[in-house]
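Reading through the structure tokens given below for one structure.
The values are calculated or read from the model by the stated rules, or taken from the named source; none is laboratory data. Remember, predicted model here, so these are calculated numbers, not experimental data. Neighbour counts run over all protein chains shown; Cβ positions are idealised from the backbone, glycine included.
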């Protein structure tokens with residue numbers, strides 16, 4: 001990732017920001033698809049493991065909690081490439097798009 005993004009807004013806004021420079025608007029390379037699939041599965045499992053449903057609200061709550069945790073650890077978005085946190089954020093955005101929570 002060469003450009004910083006705010007990471008503090010809504011699920012829709014974050015998805016739009018990633019869509020402008022991330023691999024969400026095109027077919028990513030196979031290695032990236034595999035990484036995003038693994039992260040998406042982990043997010044789904046985290047939300048649904050206690051009997052919760054994967055919905056717009058639960059995904060947005062997960063997103064905000066994840067970003068808060070990233071900030072507490074001192075992570076920032078100015079990294080080049082795809083670190084673990086960026087991959088998780090991309091997976092959250094892809095889940096939101098694939099489930100129809102954002103357009």
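Structure summary
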{"read-out": "Residue check for residue 55: surrounded by fewer than 18 Cβ atoms within 10 Å (Cβ to Cβ) and in contact with a helix residue (DSSP H, G or I) (Cβ under 9 Å, 6 or more places away or on another chain)", "value": "yes"}
{"read-out": "Total residues in region 64-86, condition touching a residue at least 24 places away in the same chain (Cβ under 8 Å) and more than 15 Å from residue 34 (Cα to Cα)", "value": "9"}
{"read-out": "Pairs, first free of Cβ contacts under 8 Å to residues at least 12 places away in the same chain and at positive phi in region 87-98, second surrounded by fewer than 22 Cβ atoms within 10 Å (Cβ to Cβ) and assigned to a helix (DSSP H, G or I), C-beta under 9 Å, six or more apart", "value": "none"}
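Residue by residue, here is whether (1) buried (at least 16 other Cβ atoms within 10 Å of the Cβ); (2) modelled with pLDDT of 95 or more holds:
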position: 17; (1), (2): yes, no
position: 26; (1), (2): no, no
position: 31; (1), (2): no, no
position: 46; (1), (2): no, yes
